[in-house]
1. Kindly evaluate residue 327 against the criterion of being closer than 30 Å to residue 550 by Cα, out of contact with any Asp or Glu (no Cβ under 8 Å at 6 or more places or on another chain) and of a type in the set (Gly, Ala, Ser).
2. Considering only segment 436-455, state which residues are surrounded by fewer than 14 Cβ atoms within 10 Å (Cβ to Cβ) and assigned to a helix (DSSP H, G or I).
3. So residue 589 clears everything in (1) among the basic types (Lys, Arg); (2) surrounded by 24 or more Cβ atoms within 10 Å (Cβ to Cβ); (3) touching a Lys or Arg at 6+ places or on another chain (Cβ under 9 Å) except one condition, right? Which one?
4. Restricting to segment 588-615, what's the tally of residues that are assigned to a helix (DSSP H, G or I), under 20 Å from the mean Cα position of the chain (by Cα) and either closer than 14 Å to residue 497 by Cα or not polar (S, T, N, Q) (or both)?
5. Given the criteria in contact (Cβ under 8 Å) with a residue 60 or more places away in the chain, outside the structural domain of residue 205 (by TED's automatic domain parsing) and more than 30 Å from residue 531 (Cα to Cα), does residue 132 qualify?
6. Restricted to segment 117-158, and to residues that are of a type in the set (S, T, N, Q) and closer than 22 Å to residue 469 by Cα, which residue is farthest from the chain's Cα centre (by Cα)?
7. Given the conditions (1) more than 30 Å from residue 133 (Cα to Cα); (2) buried (at least 16 other Cβ atoms within 10 Å of the Cβ), report the number of the one that residue 215 does not fulfil.
8. Kindly indicate which of 507, 539 is hydroxyl-bearing (Ser, Thr, Tyr), out of contact with any helix residue (DSSP H, G or I) (no Cβ under 6 Å at 6 or more places or on another chain) and more than 30 Å from residue 37 (Cα to Cα).
Amino acid sequence: MNILDIIYDKVPKALKALYDMDMGSENLIINVTKKEFEGDYTVVTFPFSKQAKKRPDQIAEELGVYLIENVEEFTKFNVIKGFLNLSVSDEYWKTFLADVLTNETFGESKKNGKKALVEFSSPNTNKPLHLGHIRNILLGWSTAKILEKAGNDVVKTQIINDRGIAICKSMLAWQKFGEGKTPQSEGIKSDHFVGQWYVFFETKFKVEYAKWQESDAAKSLLKEKEVKEENVIEFFKKYKNEYFNKYSQLGAEAKAMLLKWEDNDKEVKDLWNKMNGWVYEGFETTYKNLGVHFDTLYYESDTYLLGKDIINEGLEKGTFYKKEDGSVWIDLESEKMDHKLVLRSDGTSVYMTQDIGTAKVRYEELGTEKMIYVVADEQNYHFKALFAILDKLGEPFAKGCHHLSYGMVNLPSGKMKSREGTVVDADDLMAEVIKEASDAATEIGALAGIPKEEQEEIFRQIGLAALKFFIIKVNPKKSMIFNPAESVDMQGQTGPYVQNAGVRCRSILRKLGEYDKGLIAQYSDIKEPEKELLQLIHSYPEVVRDAAEDYDPSHVANYCYALAKNFHKFFNSGLSVIRAETEDAKSFRAALTESTLNTLASSMDLLGIDIPERM
């Protein structure tokens, strides 16, 4: 039982003994004692005052006396108003340190028998993965790792959007203008190659649209709509989609191709398979470079017809209702939403229909009690409605659904647009941060004398740490700007800064060599920088549990930074490891250094980050 468990166990018992008060541990407020006060952990006594019929400071005093007399792990206490500050014995900390050194699963919770599915990435096959996907992927991967650490069985999945008008745009552009070119013939990464044709289609469409705006048909439209001359430009900006559907030759050809795809036209399906195959090959390379993989894959071409049977069953039970035009809806006003369309009047699905069907199929196939959807905050309403519908349908997994919503991520240069080709590809971004890491290390001569191949691997590890940490440290709900140059700063709240703490630990342990772990128990008078490190290491399992409960990897990232910062503080405090004043001090500090390294490696692994051997 760790010290927090002891506090949560003993304080309610003390309250019962002192005041005949029944207080559940869930109602306790326990904090790490603020640095300006003596103590390790603080119990807030204000909530006990009403039942105990005493002032909070009186309760704190009496509670402190009781705990010191009855709990061997506490050595002294002090009271600041209604705050009881407890000091933990050195014996506890030494025992903890010795135990954690041999605990290879430190931070893990026992298996809870629950199965969770995390859906992330879920790209379109008309373009390569970009910066926005990177935030999605990193959040999804890290969330899956954290949930696993917290005792869940986890399935990592994605639903690949491999059909629809956007995919047909890329296909049509290549068919009309590609002249048989391939990724191999052009020497271009295969998903980038396909993405270029999507941009090419949009370029051609813009030219077509601009030309049409000068036509008699367009002028007649302006007259019909009574558009004033000063509003013409704004009108045509908003009319773009309408033009695509009503007048555009390219639009008509793309829509015709989509209809052929739906009719299983062999030529179109062959082209679709070829171009999607190029994209999947490119995606796989990017995922591998990012260090992620999936356990299962779903394809929209397989799922887009799902859900219709569920809607029809719900219609019979009165969960849904049908309008005069034949469309099917659900009333979500009781959930403070509006009425939501689930089937069009022609009987075709909308995205909601597909998502309902896909969720049920996943539950039946995988038995997942939790389903976490990592999707940008633009879809907040969609997922709120989806979960409400699943609940109304009585699906057993509905309460376990969670939308891990995240804000936009941009570069200092501004927003990105896929259609205009201004998106920063994931591969290019990874290459850029690796180059930033290489340039920074080369400038200070940090890896001089190390073989080139080893240097390149270290640069890769540092660059990816910079990218991943910079993105994950931000609360998912916040929008953010990713700055490649800032991300590799060795002095800021960055991945390389945390890595450097781990590398420093390794360097100390290499120089020290073997040490006698049996001497840990003989060390006396634990110093403040040592205790701060011990407390942080001690809190790791709780951080993992909180991150899993909140579906927020930034908890872990910020913990990594705090642990690294405290180790650097310990390193610079004058408490030498190698030149320690006694052998027992050397062993204690060596064990503390090793435990810091192990905990840093474990927590950074939850973010998908490695700690290199040297930097």
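The values are calculated or read from the model by the stated rules, or taken from the named source; none is laboratory data. These figures come from a predicted structure and were not determined experimentally. Positions of Cβ are backbone-derived with ideal geometry, glycine not excepted, and every protein chain shown enters the neighbour counts.
1. No, not satisfied.
2. Result: 439, 442, 443, 444, 452, 453, 454.
3. (3)
4. Result for segment 588-615: 4.
5. Criteria met by residue 132.
6. Checking each candidate, the answer is 122.
7. (2)
8. Unique residue meeting the criteria: 507.
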